[in-house]
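One structure is given here, and the rest of the page talks about it.
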Amino acid sequence: MERGNFGTKIGVILATAGSAVGLGNIWRFPYMTGQNGGAAFILIYILCVIMFGIPGMVSEFIVGRHGAANAARAYKIIGGHKAWALVGIVGAITSMIILGFYAVVAGWCMQYLFASIFGGINGDAAYVAEYFKTFSSDAIKPTLWGITFILLTHLVVQNGVRNGIEKVSNLLMPCLFILLIIIVIAACLQPGAEKGIEFLLKPDFSKLNRNIFLEALGQAFFSLSLGTACLCTYASYFSRQTNLMKSAAQIAGIDTIVAILAGLMIFPAAFSVGVNPDCGPSLIFITLPNVFQQAFGGVHIIGYIIAILFYALLVLAALTSTISMHEIGTAFFFEELSRKKKGIFSHMNVSRKGGAWIESIICIIICIFCSLSMGGVKNLTLFNMSILDFCDFFTAQILLPLGAFVTCILVGWYVPKKVIRDEFTNWGTIRSTLFDIYLFAVRFICPICIIAIELYQTGLLK
Ligand code: TRP
């Protein structure tokens with residue numbers, strides 16, 4: 001069976017950074033920063049990325065590259081026992097659930113892209129709020145957008161690692177940076193924008209408390225794509241020359257810069273029109289369309305163009321992320337169901353395209369339920385939450401931390417140190433000055449931090 005791989009160094013970085021950069025940076029990070037008082041939150045967030053995000057990424061990279069196989073098999077190989085495959089399987093399931101609800105939000109972004117082109121979201125504040133409510137609770141439209149988004153992802157992934165994922169990432173990521181820079185400049189040139197910049201860059205330490213610390217930790221998790229074997233799957237396509245530590249640091253750096261730039265495009269514009277930044281998850285769908293109209297209202301065409309660019313940016317960022325989630329399952333189904341010699345699937349011979357279809361169909365079913373639960377079908381709830389909210393909660397707060405915790409325990413305590421050191425130093429060919437620090441982080445800091453998040457979120461540590 002022929003396995004794909006990434007062709008170039010820059011392809012590795014852009015594809016993996018594409019996975020990390022997504023709605024987590026442009027939607028979740030700004031609203032969390034807004035709710036948690038700005039710069040102080042960002043400072044803690046950066047600390048979390050360095051202290052436990054990067055070591056976590058390196059660990060998943062090690063598992064993936066060592067196994068050179070789909071997540072389930074990679075965990076089995078490095079752990080030396082069948083049972084470890086469960087970590088990869090749970091990771092693949094988690095990523096299907098995430099893709100299911102992520103596609104719904106990405107679909108909303110597509111709708112907003114078209115609505116901003118055709119003028120559908122022009123109107124006063126009440127109109128924009130009503131527009132979002134009516135649209136997201138519709139039974140058909142948002143569901144179709146979500147399915148479209150998964151099919152778009154499918155189209156890229158089925159073409160393989162080098163011809164699909166790497167090619168598209170190499171094209172989309174530069175576009176994403178250019179769009180981001182244009183919007184940031186336009187936003188920061190607004191009169192009164194200084195207040196927004198100050199909010200983001202001048203920490204107010206009176207806002208610091210333990211909650212901020214733990215929320216920043218959770219955000220770092222989601223934003224770096226940690227905990228679902230996503231990075232492990234991508235790393236299985238890395239070459240033996242890829243410097244794992246350096247790549248993790250570069251990708252975490254890009255991810256953090258994009259998150260801060262997203263803040264720099266939203267807050268200066270919001271402050272310049274006097275909009276409160278702490279309005280939560282509806283920030284980009286309800287608050288921002290208003291901000292665009294008012295802030296650039298003097299010259300209508302600029303507001304119009306900026307709004308289009310902004311939603312195009314969201315769609316691109318979301319697509320490179322959904323591709324990475326899709327690839328976990330695709331690789332799994334393809335490699336596990338093709339030409340097996342024994343077992344119940346022995347008669348099957350699934351191609352890569354077939355694997356991608358199995359993944360897409362499962363995700364589309366989850367997506368339909370998530371989308372309908374926003375109001376299209378009444379009482380579609382689980383534990384008093386809409387299915388979409390439940391999937392978000394269940395993955396981000398339970399399955400992701402669990403996946404990363406188990407990975408840290410496996411890499412830090414079970415796998416022979418020599419294997420880890422070999423992977424870390426590319427078999428002794430690169431310096432290993434940071435190795436001891438890395439190992440300490442993986443053995444102690446990461447597991448303890450993750451336990452802390454869990455205790456906090458289940459209310460045991462309040
Ligand atoms: N990191 C992406 C974002 O910020 C989302 C994402 C992609 C993800 N792959 C993942 C989150 C795997 C968790 C696990 O939007």
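Report summary: the helix-based calculation at 222 nm, which adds -39500 (n - 2.57) for every DSSP H run with n ≥ 4 and divides by the residues of the chain, gives -21500 deg cm²/dmol.
Place a +1 charge on the Cβ of each Lys and Arg in region 1-146 and a -1 charge on the Cβ of each Asp and Glu, then give the dipole magnitude about the Cα centre in debye, rounded to the nearest 20.
Values: 9 positive and 5 negative charges, 125 e Å.
The dipole magnitude comes to about 600 debye.
Since only 222, 39, 292 are under comparison, the one whose Cα sits farthest along the positive direction of the charge dipole of the chain, derived from C-beta charges on Lys, Arg, Asp and Glu, is 222. Taken per residue, the accessible surface of the chain reaches 40 Å², heavy atoms only and a 1.4 Å probe. Quick check on my link table: of 82/418; 246/417; 167/353; 207/246; 76/417; 9/246, which ones sit more than 23 Å apart, alpha carbon to alpha carbon? Among 82/418; 246/417; 167/353; 207/246; 76/417; 9/246, the Cα-Cα distance tops 23 Å for 207/246.
In debye, nearest 20, what is the charge dipole magnitude of the chain about its Cα centre with +1 on Lys and Arg Cβ and -1 on Asp and Glu Cβ, if you could check? Could you put the intermediate results ahead of the total?
Working: 30 positive and 22 negative charges, 321 e Å.
Rounded to the nearest 20 debye, it is 1540 debye.
Mean separation of Cα pairs under 8 Å and 6 or more residues apart, divided by the residue count, gives region 354-417 a relative contact order of 18 percent. Taking the Cα centre of region 199-299 as the origin and placing charges on Cβ (Lys, Arg +1; Asp, Glu -1), which of 276, 266, 248 is farthest toward the positive end of the dipole? Going by the charge dipole, the pick is 248.
Close amide H pairs (under 5 Å, H built 1.01 Å from N) link residue 338 with 350, residues at least 5 positions away or on another chain.
Out of the total accessible area of region 109-190 (probe 1.4 Å, heavy atoms of protein only), what percent is carbon and sulfur?
The nonpolar share, carbon plus sulfur, comes to 73 percent.
Kindly point out which whole DSSP H helices in the chain project their C-alpha atoms 27 angstrom or further along the helix axis while averaging a Kyte-Doolittle hydropathy of -1.0 or above.
Length and hydropathy pass: 85-117, 167-188, 244-272, 300-337, 352-371.
Please calculate the 1.4 Å probe accessible area of residue 130, with all protein chains present, and give it to the nearest 10 Å². Accessible area of residue 130: about 100 Å².
Going toward the positive end of the dipole of region 83-222, with +1 on Lys and Arg Cβ and -1 on Asp and Glu Cβ, which of 85, 193, 117 do you reach last? Checking the options against the dipole of region 83-222, the answer is 85.
Over the chain, all Cα pairs binned in 10 Å intervals from 0 give whole-percent P(r) values of 4, 21, 31, 27, 12, 3, 0, listed from short to long. Once C-alpha pairs closer than 8 Å and six or more residues apart are averaged by separation and normalised to the residue number of the chain, the relative contact order reads 32 percent.
Note on exposure: 28, 240 ranked by accessible area (1.4 Å probe, complete protein assembly) read 240, 28, with the most exposed listed first. Report, as a whole number in µm² per second, the diffusion coefficient that Stokes-Einstein gives for region 28-96 at 20 °C and 1.002 mPa s using the Kirkwood radius over alpha carbon pairs. For the chosen part, D equals 153 µm²/s.
The values are calculated or read from the model by the stated rules, or taken from the named source; none is laboratory data. Predicted model only: the values in this text are computed from it and were never measured. Neighbour counts run over all protein chains shown; Cβ positions are idealised from the backbone, glycine included. Ligands, DNA and RNA are stripped out before the accessible areas are found, and what is left, the full protein with its side chains, is counted by its heavy atoms. Shrake-Rupley method; radii C 1.70, N 1.55, O 1.52, S 1.80 Å.
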